[in-house]
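Input: a single structure, listed below in C-alpha cells.
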Amino acid sequence: MKTWIARQKALIDFTLSSLARRKLKNLGLLLVYTVIVFLLASVMLYTHALRHEAAQVLKNSPEVIVQRMVAGRHDLIPPGYLEKLGRIRGVQNKEGRLWGYFYDNVVSANYTLMAPSPEEHGFGRVADGTIVIGAAVARERGLVPGNLISFRSYTGKLFVFTVAAVLPHEAELVSADLLLLSEADFRAFFEISAGYYNDIALSVANPQEVRNIAGKISETLPDARIILREEVLRTYESIFNWREGIVLVLLSGSILAFTIFAWEKASGLSAEEKREIGILKAIGWETGDVLKMKLWEGALVSLTAFLLGYVVAYFHVFHFSAALFEPVLKGWSVLYPRFELVPVVDGFQIATLFFFTVFPYTVATIVPIWRAAITDPDAVMRG
Amino acid sequence: MLSRKSHRAFVLLALLLALFLLTFADAGRYRAGRAAALQQNEQIVAQLGLTDLCLFTEARYTRHPSQADLQSAFQDHPLAFEHFPSGSLLPPPRNLTAAYENLDRKTKSAD
C-alpha cells in the first residue's frame, strides 16, 4: 500500500511539474472552468432557495379563492355569492376579500391595497383613518409610524391616512408593497358598495375534498374562476423553473464555448505533449502510468475548479445576495423587496453539478492520452 | 512537509474540501437564525390571506401571477402585445406548453 501511495505521489509531482511548464494556458483553463462552475452553481443555489422559500411561505395562502369573471376579466363579487357558497357542504370558512391596486405618481410605483379582516391579522386592528404599510413603501416614501400620507383616489378625492405601523422588514418578500386599510376606508377609497368583494377565500374541512368542492362551486356559480392553493404553489414552481431556464439559456453560449475549449485542450494533444508521452514511454514508463498521470491531471484541475467554483457561488448567493443574477431571477420593480434567502442546499443537485462538470473533463483528458500511449514511442515522438 | 508539489496540492484540495463542507454547516446555522423570520412570513401570509410573492409590482399579472386572469397580459386592445419587461420572465400559460392527453389507451370505441 505504501509503495502504491508513494507511486501516486510521484505521479502527481510529475503531473504538477508538467502543468507548470504550460502555466499560463493551464491557469487560464482553471479560471474559465471555475467561472463556469460558479455561474451554474449560483443559478442552481439561488433558484432552489427561492423556490423553497416560496413554497414554504405560500403553503399558508388561502385554500380556495373564488373570483368572478365577466367577459374574461376579474369582476367584483356581488351580494349573495357568499351565502351561496356557504350552502355547499364541506366549506368550512368563507371570507370576502377586499384588495386592489393603486398607482402612486409620487414614486411611480404600484401598491397593493388590502382591507384585512380585523379579528385575524396580528398588527392590531387597522382603525379608520390609519394605514399599515409595507417596508419598501416606507423606504420609498420615507415614512415612519405617526406620519401622514395622502393619496388621490381614482375618483379624484383626496384621502389622508396616519401611518399606524410598518410591516416588518423580514416580511418584504410577501409584503413590500402592501397598504392595509380598514374596510370602511377601502370601500370609500375605491367606491365599492357594501356587500361587494374582490374575491372570496374559502377553507375546506377535508383537504382531500378540495377538488370535489371546487367542482361543486363551479356548478353553483358558473361565472366563477376557482384557484386552488396547489395551483398557486405550482405557478411559483413553474415561474422559477422558467427563470432558471432563461438564465441557463443565456449562459449556454459561454457553457458551449467552455466545452469546446476544454474538449480542445483535453482531447487534442499538442506536439509538445505527444513528445512528452513518447519520451516517457521510451524511458520505460508503462501505458498505465501515463494514463494514471493524465487521470490525476484531469482530476486535480476539475476538482479544484468544482470546489472553488461552488464555494464562491455559495458565498455569492447567500452572503452577497446573488448580486449578479438578482434582477433576472427575483424580478425587478420600483418597490424592490430586500430580503435574504434562507440557504437550502440540495445534495442531489450538487451531485448532478459535480457529475456534469468533473466527469466529462476527466474522461476527455484520458481518451486521447490512451490513444497516444498505446502507439509506438518512436512514432509518437516523430509526431 | 510541503516541499513536494503533491503535498501542496493535497493541502489545497483539503482546504477547498473543508470550505465546501463548511458551506453546509453555514447553511444550517443560517437557516436556524432565519427560522423566526420565516415563521413570521408564514404568519403574515396566513393572517392576510396573501397569495403571491411581491417580486414584480408593475402590472397585476406580474404582481399576482397566480390570481390574474389569462387575458390580463393582453388587456389594452385586441392583438395587443404585453409590454412589461418582467412578463418575459414569466412562463407562458400552462395550456400553451402542456402536452395533449394521450387518449388512444382510454377510448372505449375506435374512431
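The values are calculated or read from the model by the stated rules, or taken from the named source; none is laboratory data. The shown structure was predicted, so the numbers you read here are calculated from the model rather than taken from an experiment. So basically every Cβ, Gly included, is an ideal-geometry build from the backbone, and we count neighbours across all protein chains shown. Just so you know, the surface numbers come from the protein's heavy atoms only, side chains and all, with ligands and any DNA or RNA stripped out. Shrake-Rupley method; radii C 1.70, N 1.55, O 1.52, S 1.80 Å.
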Fill in the blank from the handout: In terms of the alpha carbon gyration tensor, root eigenvalues a ≥ b ≥ c, rounded if a/c is under 1.5 and otherwise prolate when a/b exceeds b/c or oblate, the range B:1-75 is oblate
Practice task
If a/c stays under 1.5 just call it rounded; otherwise compare a/b with b/c (prolate if a/b is bigger, oblate if not). Do that for the protein assembly as shown, with a ≥ b ≥ c from the square roots of the Cα gyration tensor eigenvalues.
Solution key: prolate
Practice task
In whole angstrom, note down how far apart the Cα centers of the range A:347-376 and the range A:288-326 are.
Solution key: 14 Å
Problem - Simple Cβ-charge dipole of the protein assembly as shown, Lys/Arg +1 and Asp/Glu -1, about Cα centre, in debye nearest 20 - result: 1800 debye
Problem - Residues with amide H under 5 Å from that of A:Tyr197, placed H, sequence gap 5 or more - result: A:Ile77
Exercise for the section: State the volume of the convex hull built on the alpha-carbon positions of the range A:77-197, expressed per residue in Å³ and rounded to an integer. Expected result: 114 Å³
Problem - Sequence-distant residues sharing a close amide H with A:His74 (under 5 Å, placed H) - result: B:Asp69
Exercise for the section: Calculate the mean, over all residues of peptide A:64-76, of how many other protein chain Cβ atoms lie within 10 angstrom of the residue's Cβ. Expected result: 2
Practice task
Go through the range A:22-33 residue by residue and turn each phi into a ³J(HN,Hα) via Karplus (6.51, -1.76, 1.60, θ = phi - 60°); whole Hz please, and just put x for glycine and proline.
Solution key: 10, 4, 4, 4, 6, 5, x, 4, 4, 5, 5, 4
Exercise for the section: Pick out which of A:Ala322, A:Ala313, A:Ala372 has the largest mean-square fluctuation in a Gaussian network model of chain A, springs linking Cα atoms closer than 10 Å. Expected result: A:Ala372
Completion exercise
Pairs over 29 Å Cα to Cα, from A:Lys281/B:Lys5; A:Lys2/A:Lys23; A:Lys274/B:Lys5; A:Lys25/A:Lys292, come to A:Lys2/A:Lys23
Problem - Degrees, to the nearest 10: A:347-373 long Cα axis against longest axis of chain A - result: 20 degrees
Handout entry: Crossing angle, helix A:2-21 versus chain A [Cα axis fit, 0-90 degrees, rounded to tens]
Key = 80 degrees
Completion exercise
Along the range A:69-76, Karplus-curve 3J(HN,Hα) (6.51, -1.76, 1.60; θ = phi - 60°) to the nearest Hz, with x for Gly and Pro, reads 10, 10, 6, x, 10, 5, 10, 5
Exercise for the section: Specify the angular offset, from 0 to 90 degrees and rounded to the nearest 10, of the alpha carbon long axis of helix A:229-267 from the longest principal axis of the alpha carbons in chain A. Expected result: 20 degrees
Fill in the blank from the handout: Filtering chymotrypsin sites (Phe, Trp or Tyr not before Pro) in the range A:268-366 by DSSP loop and by at most 14 other Cβ atoms within 10 Å leaves A:Phe320
Exercise for the section: Can you send over the solvent-accessible area of A:Ser252, 1.4 Å probe, protein chains only, in Å² to the nearest 10? Expected result: 50 Å²
Fill in the blank from the handout: Simple spin-label estimate for A:Glu83/A:Arg22, 7 Å along Cα→Cβ, in nm, reads 8.4 nm
Practice task
Go ahead and set up a Gaussian network model of chain A, Cα springs under 10 Å, then flag whichever of A:Arg139, A:Arg51, A:Arg371 fluctuates most.
Solution key: A:Arg371
Problem - Average beta carbon contacts from partner chains per residue of A:170-181, 10 Å cutoff - result: 5
Exercise for the section: Add +1 for every Lys or Arg and -1 for every Asp or Glu among the other residues with Cβ under 9 Å from the Cβ of A:Leu82, and state the total. Expected result: 0
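Quick one: dipole size for the range B:1-50, taken about the Cα centre, charges +1 on Lys/Arg Cβ and -1 on Asp/Glu Cβ, in debye to the nearest 20.
In total the dipole reaches around 420 debye.
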Handout entry: Solvent exposure ordering (accessible area, 1.4 Å, most first) of A:Val344, A:Val160
Key = A:Val160, A:Val344
Completion exercise
Sorted list, accessible surface of protein heavy atoms, 1.4 Å probe, largest first, for A:Asp177, A:Asp223 is A:Asp223, A:Asp177
Completion exercise
A:Leu250 and A:Thr287 label points (each 7 Å along its Cα→Cβ direction) are spaced in nm at 4.8 nm
Practice task
Would you calculate, for the protein assembly as shown, the mean residue ellipticity at 222 nm contributed by helices, counting each DSSP H stretch of 4 or more residues as -39,500 (n - 2.57) and dividing by all residues, to the nearest 500?
Solution key: -18000 deg cm²/dmol
Exercise for the section: Go through A:Ile133, A:Leu173, A:Asn105 and say which Cα lies farthest out towards the positive end of the charge dipole of chain A; charges sit on Cβ, +1 for Lys and Arg, -1 for Asp and Glu. Expected result: A:Leu173
